[in-house]
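The values are calculated or read from the model by the stated rules, or taken from the named source; none is laboratory data. A quick note: this is a predicted structure, and the numbers were derived from the prediction, not measured. Cβ placement follows ideal geometry from the backbone for every residue including glycine, while neighbour counts extend to all protein chains displayed. The accessibility values were calculated without ligands, DNA or RNA, using every heavy atom of the protein model including side chains. Shrake-Rupley method; radii C 1.70, N 1.55, O 1.52, S 1.80 Å.
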Amino acid sequence: MSPRPSLALHTKIFIGLFVGLVAGILCNVLLPNDEGVKWVVSNIAYPAGQVFLRLIFMVIIPLIFSALALGVADIGDVRKIGRIGLKTLAFTVVITGVSVFIGMGLVNIVQPGTGIPETDRNGLLATLTNNQAVSGIFTAVKESKSFVQTLLDLIPRNPFADMANALDPNYRGGGLLAIMFLALIFGGALSLCAQERVAILTKTLQGLYDVVMKIIDFAMKLAPYGVAGLMFSTASQMGLAIVLPLMQYILVVVGGLAIQQFVTYGLIVKYAAKRKPIEFFKGIREVMLTAFSTSSSNATLPTSLRVTEQNLNVHPDVSKFVLTVGSTANQNGTALYEGVTVLFLAQFYGIELSLVQQLVVVLMSILAGVGTAGVPGGSLPLVVIVLQAVGIPAEGIGIILGVDRILDMCRTVVNVTGDIALATWVDVSERLPTRR
Ligand code: ASP
(Lines give C-alpha, C1' and ligand atoms only; values in the text may rest on other atoms or scores of the structure.)
Protein backbone atom coordinates (compact mmCIF):
# COMPACT_ATOMS: atom_id res chain seq x y z
CA MET A 1 0.00 0.00 0.00
CA SER A 2 1.46 3.38 -0.93
CA PRO A 3 1.62 5.93 1.90
CA ARG A 4 -1.11 8.52 1.75
CA PRO A 5 0.23 11.94 0.72
CA SER A 6 -0.10 14.29 3.71
CA LEU A 7 -2.39 17.28 3.38
CA ALA A 8 -0.96 20.74 2.83
CA LEU A 9 -0.75 22.85 5.98
CA HIS A 10 -3.28 25.40 4.78
CA THR A 11 -5.76 22.61 4.06
CA LYS A 12 -5.24 21.27 7.58
CA ILE A 13 -5.74 24.74 9.05
CA PHE A 14 -8.93 25.12 7.07
CA ILE A 15 -10.11 21.74 8.34
CA GLY A 16 -9.22 22.91 11.87
CA LEU A 17 -11.32 26.02 11.36
CA PHE A 18 -14.21 24.03 9.96
CA VAL A 19 -14.20 21.36 12.67
CA GLY A 20 -13.92 23.97 15.47
CA LEU A 21 -16.61 26.11 13.87
CA VAL A 22 -19.14 23.35 13.23
CA ALA A 23 -18.57 21.65 16.59
CA GLY A 24 -18.81 25.01 18.37
CA ILE A 25 -22.02 26.03 16.59
CA LEU A 26 -23.56 22.59 17.26
CA CYS A 27 -22.71 22.84 20.97
CA ASN A 28 -24.11 26.36 21.07
CA VAL A 29 -27.38 25.29 19.49
CA LEU A 30 -27.85 21.85 21.06
CA LEU A 31 -26.25 22.36 24.47
CA PRO A 32 -26.66 26.03 25.38
CA ASN A 33 -24.91 26.98 28.65
CA ASP A 34 -23.83 23.41 29.20
CA GLU A 35 -21.23 22.95 31.95
CA GLY A 36 -19.51 20.16 30.04
CA VAL A 37 -18.98 22.41 27.01
CA LYS A 38 -17.60 25.15 29.25
CA TRP A 39 -15.21 22.62 30.76
CA VAL A 40 -14.00 21.57 27.30
CA VAL A 41 -13.47 25.23 26.36
CA SER A 42 -11.44 26.13 29.43
CA ASN A 43 -9.47 22.89 29.74
CA ILE A 44 -8.93 21.74 26.16
CA ALA A 45 -9.90 24.18 23.43
CA TYR A 46 -8.56 27.38 24.99
CA PRO A 47 -5.21 25.88 26.12
CA ALA A 48 -4.74 24.32 22.66
CA GLY A 49 -5.10 27.79 21.15
CA GLN A 50 -2.74 29.24 23.74
CA VAL A 51 0.06 26.77 23.03
CA PHE A 52 0.02 27.84 19.41
CA LEU A 53 -0.18 31.56 20.21
CA ARG A 54 2.50 31.51 22.89
CA LEU A 55 4.96 29.84 20.55
CA ILE A 56 4.55 32.91 18.34
CA PHE A 57 4.58 35.44 21.21
CA MET A 58 7.79 33.87 22.44
CA VAL A 59 9.72 35.04 19.38
CA ILE A 60 7.96 38.29 18.60
CA ILE A 61 10.68 40.60 19.91
CA PRO A 62 13.63 39.00 18.08
CA LEU A 63 11.42 38.70 14.99
CA ILE A 64 10.53 42.38 14.87
CA PHE A 65 14.04 43.45 15.60
CA SER A 66 15.85 41.26 13.10
CA ALA A 67 13.25 41.56 10.31
CA LEU A 68 13.01 45.33 10.40
CA ALA A 69 16.68 46.02 10.98
CA LEU A 70 17.64 43.74 8.08
CA GLY A 71 14.83 45.12 5.89
CA VAL A 72 16.04 48.67 6.39
CA ALA A 73 19.68 47.71 6.07
CA ASP A 74 18.78 46.28 2.64
CA ILE A 75 16.91 49.37 1.56
CA GLY A 76 19.58 51.48 3.27
CA ASP A 77 22.05 50.15 0.77
CA VAL A 78 20.23 52.44 -1.59
CA ARG A 79 23.05 54.91 -1.09
CA LYS A 80 24.93 52.81 -3.60
CA ILE A 81 22.07 52.78 -6.03
CA GLY A 82 21.22 56.39 -5.38
CA ARG A 83 18.16 57.79 -7.06
CA ILE A 84 16.53 54.48 -7.92
CA GLY A 85 16.77 53.48 -4.30
CA LEU A 86 15.27 56.70 -3.04
CA LYS A 87 12.42 56.46 -5.52
CA THR A 88 11.77 52.89 -4.45
CA LEU A 89 11.73 53.91 -0.82
CA ALA A 90 9.42 56.88 -1.35
CA PHE A 91 7.05 54.93 -3.58
CA THR A 92 6.95 52.06 -1.11
CA VAL A 93 5.95 54.29 1.77
CA VAL A 94 3.37 56.32 -0.19
CA ILE A 95 1.72 53.46 -2.01
CA THR A 96 1.64 51.23 1.04
CA GLY A 97 -0.02 54.11 2.90
CA VAL A 98 -2.64 54.42 0.14
CA SER A 99 -3.29 50.71 0.35
CA VAL A 100 -3.77 50.77 4.12
CA PHE A 101 -6.15 53.74 3.84
CA ILE A 102 -8.25 51.93 1.23
CA GLY A 103 -8.57 48.90 3.50
CA MET A 104 -9.27 50.91 6.63
CA GLY A 105 -11.78 53.10 4.79
CA LEU A 106 -13.68 50.01 3.61
CA VAL A 107 -13.65 48.35 7.00
CA ASN A 108 -14.97 51.54 8.60
CA ILE A 109 -17.75 51.80 6.02
CA VAL A 110 -18.82 48.15 5.92
CA GLN A 111 -18.17 47.49 9.64
CA PRO A 112 -17.93 43.72 9.16
CA GLY A 113 -17.23 43.03 12.84
CA THR A 114 -20.03 45.02 14.44
CA GLY A 115 -23.48 43.87 15.41
CA ILE A 116 -22.35 41.12 17.76
CA PRO A 117 -24.69 41.06 20.76
CA GLU A 118 -23.17 42.59 23.90
CA THR A 119 -23.67 39.46 26.02
CA ASP A 120 -21.94 37.23 23.46
CA ARG A 121 -19.08 39.65 23.23
CA ASN A 122 -18.52 39.94 26.97
CA GLY A 123 -18.71 36.20 27.36
CA LEU A 124 -16.25 35.83 24.52
CA LEU A 125 -13.76 38.23 26.01
CA ALA A 126 -14.03 36.62 29.41
CA THR A 127 -13.44 33.15 27.97
CA LEU A 128 -10.73 34.05 25.54
CA THR A 129 -8.65 36.15 27.84
CA ASN A 130 -8.14 36.02 31.54
CA ASN A 131 -9.96 38.71 33.43
CA GLN A 132 -6.89 40.70 34.25
CA ALA A 133 -6.06 41.01 30.58
CA VAL A 134 -9.61 42.05 29.74
CA SER A 135 -9.63 44.83 32.30
CA GLY A 136 -6.20 45.80 31.02
CA ILE A 137 -7.58 46.14 27.52
CA PHE A 138 -10.31 48.46 28.63
CA THR A 139 -8.09 50.58 30.88
CA ALA A 140 -5.57 50.85 28.09
CA VAL A 141 -8.28 52.07 25.73
CA LYS A 142 -9.83 54.45 28.24
CA GLU A 143 -6.57 56.06 29.19
CA SER A 144 -5.37 56.52 25.64
CA LYS A 145 -2.42 58.88 25.47
CA SER A 146 -2.15 62.28 23.87
CA PHE A 147 -0.77 62.41 20.35
CA VAL A 148 2.44 64.14 21.46
CA GLN A 149 3.05 61.58 24.17
CA THR A 150 2.45 58.73 21.72
CA LEU A 151 5.03 60.23 19.38
CA LEU A 152 7.53 60.74 22.17
CA ASP A 153 7.05 57.21 23.40
CA LEU A 154 8.10 55.97 19.98
CA ILE A 155 11.66 56.74 21.02
CA PRO A 156 12.47 54.22 23.70
CA ARG A 157 14.14 55.63 26.79
CA ASN A 158 14.91 52.13 27.91
CA PRO A 159 14.45 49.62 25.08
CA PHE A 160 14.76 46.70 27.49
CA ALA A 161 11.79 47.98 29.49
CA ASP A 162 9.81 48.17 26.25
CA MET A 163 10.86 44.65 25.29
CA ALA A 164 10.01 43.25 28.70
CA ASN A 165 6.59 44.91 28.83
CA ALA A 166 5.62 44.86 25.17
CA LEU A 167 2.96 42.18 25.61
CA ASP A 168 1.46 43.68 28.76
CA PRO A 169 -1.81 45.47 27.90
CA ASN A 170 -1.39 47.78 30.92
CA TYR A 171 2.04 49.02 29.88
CA ARG A 172 1.92 52.72 29.08
CA GLY A 173 5.30 53.11 27.34
CA GLY A 174 6.02 52.75 23.62
CA GLY A 175 6.18 48.93 23.71
CA LEU A 176 6.38 47.21 20.34
CA LEU A 177 6.33 50.47 18.40
CA ALA A 178 9.36 51.68 20.31
CA ILE A 179 11.18 48.45 19.53
CA MET A 180 10.29 48.92 15.87
CA PHE A 181 11.69 52.42 16.03
CA LEU A 182 14.92 51.14 17.50
CA ALA A 183 15.11 48.44 14.83
CA LEU A 184 14.61 50.98 12.03
CA ILE A 185 17.33 53.26 13.35
CA PHE A 186 19.59 50.28 13.99
CA GLY A 187 19.11 48.97 10.43
CA GLY A 188 19.73 52.42 8.96
CA ALA A 189 22.90 52.87 11.00
CA LEU A 190 24.04 49.37 10.11
CA SER A 191 23.86 50.15 6.43
CA LEU A 192 25.92 53.31 6.92
CA CYS A 193 28.81 51.56 8.71
CA ALA A 194 31.87 50.22 6.91
CA GLN A 195 30.47 46.86 5.79
CA GLU A 196 33.58 44.82 6.60
CA ARG A 197 33.33 45.94 10.23
CA VAL A 198 29.67 45.02 10.68
CA ALA A 199 29.49 41.96 8.44
CA ILE A 200 29.39 39.58 11.41
CA LEU A 201 26.61 41.54 13.07
CA THR A 202 24.54 41.51 9.87
CA LYS A 203 25.09 37.75 9.55
CA THR A 204 24.12 37.27 13.19
CA LEU A 205 20.90 39.20 12.64
CA GLN A 206 20.22 37.11 9.56
CA GLY A 207 20.86 33.95 11.59
CA LEU A 208 18.56 35.16 14.37
CA TYR A 209 15.86 35.88 11.79
CA ASP A 210 16.23 32.40 10.25
CA VAL A 211 15.98 30.69 13.64
CA VAL A 212 12.91 32.70 14.59
CA MET A 213 11.24 31.83 11.29
CA LYS A 214 11.97 28.14 11.97
CA ILE A 215 10.28 28.43 15.35
CA ILE A 216 7.29 30.05 13.69
CA ASP A 217 7.28 27.11 11.27
CA PHE A 218 7.01 24.76 14.27
CA ALA A 219 4.19 26.87 15.66
CA MET A 220 2.39 26.78 12.33
CA LYS A 221 2.48 22.95 12.41
CA LEU A 222 0.29 23.24 15.50
CA ALA A 223 -1.93 25.85 13.88
CA PRO A 224 -4.66 23.41 12.74
CA TYR A 225 -5.21 22.31 16.37
CA GLY A 226 -4.80 25.82 17.76
CA VAL A 227 -7.27 27.20 15.25
CA ALA A 228 -9.76 24.40 15.96
CA GLY A 229 -9.47 25.21 19.68
CA LEU A 230 -9.80 28.98 19.30
CA MET A 231 -12.64 28.58 16.84
CA PHE A 232 -14.48 26.17 19.10
CA SER A 233 -14.11 28.58 22.05
CA THR A 234 -15.59 31.39 19.97
CA ALA A 235 -18.30 29.49 18.10
CA SER A 236 -19.60 27.65 21.18
CA GLN A 237 -20.23 31.10 22.71
CA MET A 238 -21.59 32.83 19.65
CA GLY A 239 -23.21 30.12 17.58
CA LEU A 240 -24.28 31.09 14.08
CA ALA A 241 -23.73 34.79 14.80
CA ILE A 242 -20.06 34.33 13.90
CA VAL A 243 -20.58 33.28 10.27
CA LEU A 244 -21.82 36.58 8.85
CA PRO A 245 -19.00 38.80 10.25
CA LEU A 246 -16.43 36.33 8.91
CA MET A 247 -17.95 36.39 5.42
CA GLN A 248 -18.11 40.18 5.42
CA TYR A 249 -14.51 40.35 6.56
CA ILE A 250 -13.39 38.19 3.61
CA LEU A 251 -15.33 40.40 1.21
CA VAL A 252 -13.81 43.59 2.63
CA VAL A 253 -10.25 42.24 2.32
CA VAL A 254 -10.79 40.97 -1.22
CA GLY A 255 -12.65 44.17 -2.24
CA GLY A 256 -9.87 46.39 -0.85
CA LEU A 257 -7.21 44.31 -2.59
CA ALA A 258 -9.12 44.54 -5.88
CA ILE A 259 -9.28 48.35 -5.62
CA GLN A 260 -5.55 48.56 -4.93
CA GLN A 261 -4.76 46.10 -7.72
CA PHE A 262 -6.88 47.59 -10.48
CA VAL A 263 -7.60 51.20 -9.54
CA THR A 264 -4.46 52.36 -7.72
CA TYR A 265 -1.99 50.38 -9.82
CA GLY A 266 -4.04 51.03 -12.97
CA LEU A 267 -3.68 54.79 -12.37
CA ILE A 268 0.02 54.53 -11.61
CA VAL A 269 0.66 52.50 -14.72
CA LYS A 270 -1.38 54.87 -16.87
CA TYR A 271 -0.28 58.25 -15.55
CA ALA A 272 3.12 57.63 -13.96
CA ALA A 273 4.50 54.81 -16.09
CA LYS A 274 2.66 56.00 -19.24
CA ARG A 275 1.53 52.55 -20.30
CA LYS A 276 -1.82 51.05 -21.15
CA PRO A 277 -3.15 49.36 -17.99
CA ILE A 278 -4.81 46.56 -19.99
CA GLU A 279 -1.53 45.69 -21.69
CA PHE A 280 0.29 45.91 -18.38
CA PHE A 281 -2.06 43.46 -16.69
CA LYS A 282 -2.08 41.16 -19.74
CA GLY A 283 1.70 41.23 -19.80
CA ILE A 284 2.04 40.12 -16.20
CA ARG A 285 -0.68 37.43 -16.18
CA GLU A 286 1.89 34.72 -15.60
CA VAL A 287 3.30 36.56 -12.59
CA MET A 288 -0.14 37.07 -11.07
CA LEU A 289 -0.91 33.38 -11.47
CA THR A 290 2.39 32.35 -9.92
CA ALA A 291 1.86 34.70 -6.98
CA PHE A 292 -1.68 33.45 -6.52
CA SER A 293 -0.71 29.80 -6.54
CA THR A 294 2.47 30.04 -4.45
CA SER A 295 1.31 32.72 -1.95
CA SER A 296 4.89 33.85 -1.85
CA SER A 297 6.46 37.02 -3.24
CA ASN A 298 9.90 35.48 -2.86
CA ALA A 299 8.97 32.35 -4.79
CA THR A 300 7.47 34.54 -7.51
CA LEU A 301 10.59 36.71 -7.85
CA PRO A 302 12.27 34.75 -10.68
CA THR A 303 9.06 34.84 -12.74
CA SER A 304 8.54 38.56 -12.02
CA LEU A 305 12.09 39.36 -13.10
CA ARG A 306 11.78 37.46 -16.37
CA VAL A 307 8.33 38.76 -17.26
CA THR A 308 9.09 42.37 -16.32
CA GLU A 309 12.19 42.41 -18.46
CA GLN A 310 10.77 40.43 -21.38
CA ASN A 311 7.13 41.48 -21.59
CA LEU A 312 7.35 45.00 -20.21
CA ASN A 313 10.84 45.84 -21.49
CA VAL A 314 11.95 47.24 -18.17
CA HIS A 315 15.70 47.79 -17.95
CA PRO A 316 17.34 44.90 -16.03
CA ASP A 317 19.18 47.28 -13.69
CA VAL A 318 15.88 48.70 -12.57
CA SER A 319 13.96 45.45 -12.38
CA LYS A 320 16.70 43.59 -10.49
CA PHE A 321 16.91 46.20 -7.77
CA VAL A 322 13.28 47.21 -7.49
CA LEU A 323 11.77 43.74 -7.68
CA THR A 324 14.25 42.16 -5.30
CA VAL A 325 13.90 44.83 -2.63
CA GLY A 326 10.17 45.04 -3.30
CA SER A 327 9.59 41.31 -2.83
CA THR A 328 10.25 41.79 0.86
CA ALA A 329 9.79 45.49 1.51
CA ASN A 330 6.97 46.67 -0.76
CA GLN A 331 3.99 44.59 0.32
CA ASN A 332 0.91 46.70 -0.19
CA GLY A 333 -1.54 43.82 -0.11
CA THR A 334 -0.15 42.59 3.17
CA ALA A 335 -0.32 46.07 4.72
CA LEU A 336 -3.96 46.48 3.61
CA TYR A 337 -4.80 43.09 5.03
CA GLU A 338 -3.14 43.90 8.38
CA GLY A 339 -5.10 47.13 8.76
CA VAL A 340 -8.43 45.52 7.84
CA THR A 341 -7.84 42.54 10.11
CA VAL A 342 -6.95 44.62 13.13
CA LEU A 343 -9.95 46.95 12.75
CA PHE A 344 -12.24 44.00 12.07
CA LEU A 345 -11.15 42.29 15.27
CA ALA A 346 -11.45 45.56 17.21
CA GLN A 347 -15.06 45.83 15.98
CA PHE A 348 -15.61 42.18 16.74
CA TYR A 349 -14.54 42.57 20.36
CA GLY A 350 -16.31 45.92 20.69
CA ILE A 351 -13.06 47.77 21.34
CA GLU A 352 -13.30 51.39 20.30
CA LEU A 353 -9.96 52.58 18.90
CA SER A 354 -9.09 56.23 19.40
CA LEU A 355 -7.79 58.27 16.47
CA VAL A 356 -4.27 57.95 17.80
CA GLN A 357 -4.66 54.18 18.02
CA GLN A 358 -6.01 54.04 14.46
CA LEU A 359 -2.93 55.99 13.37
CA VAL A 360 -0.80 53.49 15.24
CA VAL A 361 -2.52 50.74 13.23
CA VAL A 362 -1.78 52.59 9.97
CA LEU A 363 1.85 53.08 10.91
CA MET A 364 2.31 49.53 12.10
CA SER A 365 0.58 48.11 9.02
CA ILE A 366 2.96 50.08 6.80
CA LEU A 367 5.89 48.78 8.81
CA ALA A 368 4.40 45.29 8.67
CA GLY A 369 4.48 45.63 4.89
CA VAL A 370 8.21 46.31 5.14
CA GLY A 371 8.97 43.68 7.79
CA THR A 372 6.96 40.75 6.40
CA ALA A 373 8.80 37.88 4.79
CA GLY A 374 7.59 37.14 1.27
CA VAL A 375 6.51 33.62 2.20
CA PRO A 376 3.08 32.04 2.67
CA GLY A 377 1.51 33.36 5.87
CA GLY A 378 4.53 35.63 6.42
CA SER A 379 2.36 38.40 7.81
CA LEU A 380 0.56 36.35 10.46
CA PRO A 381 3.05 36.92 13.29
CA LEU A 382 2.86 40.61 12.45
CA VAL A 383 -0.92 40.62 12.79
CA VAL A 384 -0.42 39.32 16.33
CA ILE A 385 2.06 42.13 16.92
CA VAL A 386 -0.25 44.89 15.70
CA LEU A 387 -3.20 43.47 17.67
CA GLN A 388 -1.07 43.39 20.77
CA ALA A 389 0.14 46.95 20.26
CA VAL A 390 -3.35 48.41 20.31
CA GLY A 391 -4.73 46.17 23.03
CA ILE A 392 -6.92 43.76 21.04
CA PRO A 393 -6.93 40.12 22.20
CA ALA A 394 -4.47 38.26 19.98
CA GLU A 395 -6.71 35.20 20.33
CA GLY A 396 -8.80 36.83 17.62
CA ILE A 397 -6.29 35.48 15.14
CA GLY A 398 -8.02 32.11 15.61
CA ILE A 399 -11.09 33.60 13.96
CA ILE A 400 -9.32 34.66 10.78
CA LEU A 401 -6.57 32.08 10.45
CA GLY A 402 -8.72 29.37 8.93
CA VAL A 403 -9.65 31.59 5.99
CA ASP A 404 -6.20 33.06 5.68
CA ARG A 405 -4.84 31.00 2.84
CA ILE A 406 -7.21 32.32 0.21
CA LEU A 407 -6.63 35.88 1.43
CA ASP A 408 -2.88 35.22 1.38
CA MET A 409 -3.10 34.13 -2.27
CA CYS A 410 -4.94 37.34 -3.15
CA ARG A 411 -2.69 39.71 -1.19
CA THR A 412 0.44 38.13 -2.65
CA VAL A 413 -0.83 39.00 -6.15
CA VAL A 414 -1.22 42.63 -5.01
CA ASN A 415 2.21 42.60 -3.36
CA VAL A 416 3.94 41.40 -6.49
CA THR A 417 1.96 43.59 -8.91
CA GLY A 418 2.90 46.59 -6.75
CA ASP A 419 6.59 45.81 -7.24
CA ILE A 420 6.18 45.57 -11.00
CA ALA A 421 4.12 48.78 -11.20
CA LEU A 422 6.90 50.47 -9.24
CA ALA A 423 9.55 49.07 -11.58
CA THR A 424 7.72 50.36 -14.68
CA TRP A 425 7.45 53.82 -13.16
CA VAL A 426 11.11 53.96 -12.10
CA ASP A 427 12.07 52.68 -15.53
CA VAL A 428 10.22 55.47 -17.33
CA SER A 429 11.35 58.14 -14.93
CA GLU A 430 14.99 57.12 -15.33
CA ARG A 431 14.64 56.83 -19.12
CA LEU A 432 17.51 54.42 -19.26
CA PRO A 433 19.05 54.38 -22.72
CA THR A 434 18.90 50.66 -23.48
CA ARG A 435 15.14 50.47 -23.16
CA ARG A 436 13.79 48.80 -26.24
N1 ASP B 1 2.40 35.68 1.42
C2 ASP B 1 2.71 37.06 1.36
C3 ASP B 1 3.82 37.29 0.33
O4 ASP B 1 4.65 36.44 0.14
C5 ASP B 1 3.11 37.63 2.67
C6 ASP B 1 1.91 37.64 3.59
O7 ASP B 1 1.13 38.59 3.53
O8 ASP B 1 1.71 36.70 4.38
O9 ASP B 1 3.87 38.31 -0.31
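Only four residue types carry charge here, +1 at the Cβ of Lys and Arg and -1 at the Cβ of Asp and Glu. Report the dipole size of the chain about the Cα centre in Debye, rounded to the nearest 20. Each step should come with its number before you reach the end.
Numbers: 30 positive and 25 negative charges, 255 e Å.
Dipole magnitude for the chain comes out near 1220 debye.
When N counts the residues of the chain, how does its alpha-carbon radius of gyration compare numerically with 2.2 N^0.38 Å, as a ratio? Provide the component values of the computation, followed by the final result.
Working: Rg = 21.9 Å, N = 436, 2.2 N^0.38 = 22.2 Å.
Relative to the rule-of-thumb radius for its length, the chain sits at 0.99.
How much mean residue ellipticity at 222 nm does the chain get from its helices, if each DSSP H run of length 4 or more adds -39500 (n - 2.57) and you divide by all residues, to the nearest 500 deg cm²/dmol?
-24000 deg cm²/dmol
In Å and on Cα atoms, what radius of gyration and Dmax does the range 26-119 show?
22.7, 66
Greater than 20 Å separation of Cα atoms is the criterion. Which listed pairs, 87/282; 12/221; 87/320, meet it?
Where the Cα-Cα span goes over 20 Å, the pairs concerned are 87/282.
Once a ≥ b ≥ c are taken as the square roots of the eigenvalues of the Cα gyration tensor of the range 332-408, is the result rounded (a/c under 1.5), prolate (a/b larger than b/c) or oblate (a/b not larger than b/c)?
Here the range 332-408 falls in the oblate category.
Using a 1.4 Å probe on the protein heavy atoms, what percent of the accessible area of the chain belongs to carbon and sulfur?
67 percent
Mind checking the alpha-carbon convex hull of the range 215-286 and giving the volume per residue in Å³?
With only Cα atoms used, the range 215-286 gives 150 Å³ per residue.
Given the whole protein assembly as supplied and a 1.4 Å probe, what does the accessible area of residue 118 come to in Å², nearest 10?
Around 110 Å² of this residue is reachable by solvent.
In Å, what is the Rg of the alpha-carbon atoms in the range 297-341, and how long is Dmax?
Computed over the Cα atoms of the range 297-341, radius of gyration and Dmax are 12.1, 37 Å.
Rounded to the nearest 10 Å², what accessible area does residue 321 have for a 1.4 Å probe in the complete protein model?
Taking all protein chains as shown, residue 321 has close to 30 Å².
Quantify how much of the Cα-Cα distance distribution of the range 265-309 extends past 17 Å, in percent.
The proportion of pairs with Cα distances above 17 Å equals 38 percent.
How much of residue 214 can a 1.4 Å solvent probe reach, expressed as accessible area in Å² and rounded to 10?
Result for residue 214: roughly 110 Å² accessible.
Taking a quarter of the surface of the Cα convex hull of the range 208-352, what do you get in nm²?
Mean shadow area of the hull around the Cα atoms is 11.7 nm².
Treating the angle as unsigned and between 0 and 90°, give the value, to the nearest 10°, between the Cα long axis of helix 9-30 and the longest Cα principal axis of the chain.
It works out to around 30 degrees.
Got a sec? What order do 372, 11 fall in by accessible area at 1.4 Å, biggest, i.e. largest, first?
Highest to lowest solvent-accessible surface, that is 11, 372.
Give the ranking of 334, 328 by solvent-accessible surface, highest area first, calculated with a 1.4 Å probe. Write down the numbers at each step before the final one.
On the way: 334 5, 328 55 Å².
Final ranking, largest accessible area leading: 328, 334.
Going toward the positive end of the dipole of the chain, with +1 on Lys and Arg Cβ and -1 on Asp and Glu Cβ, which of 148, 33, 183 do you reach last?
183
So for 231, 220, what's the accessible-area order with a 1.4 Å probe, most first?
The most accessible residue leads, giving 220, 231.
Accessible area per residue for the chain in Å², computed with a 1.4 Å probe and the full protein assembly in place, what is it?
Value returned for the chain: 44 Å² of accessible area per residue.
Based on the alpha-carbon gyration tensor of the range 1-63 and its eigenvalue square roots a ≥ b ≥ c, which shape applies: rounded if a/c is under 1.5, prolate if not and a/b is larger than b/c, or oblate? Provide the component values of the computation, followed by the final result.
On the way: a/c = 2.67, a/b = 1.20, b/c = 2.22.
In terms of gyration-tensor shape, oblate.
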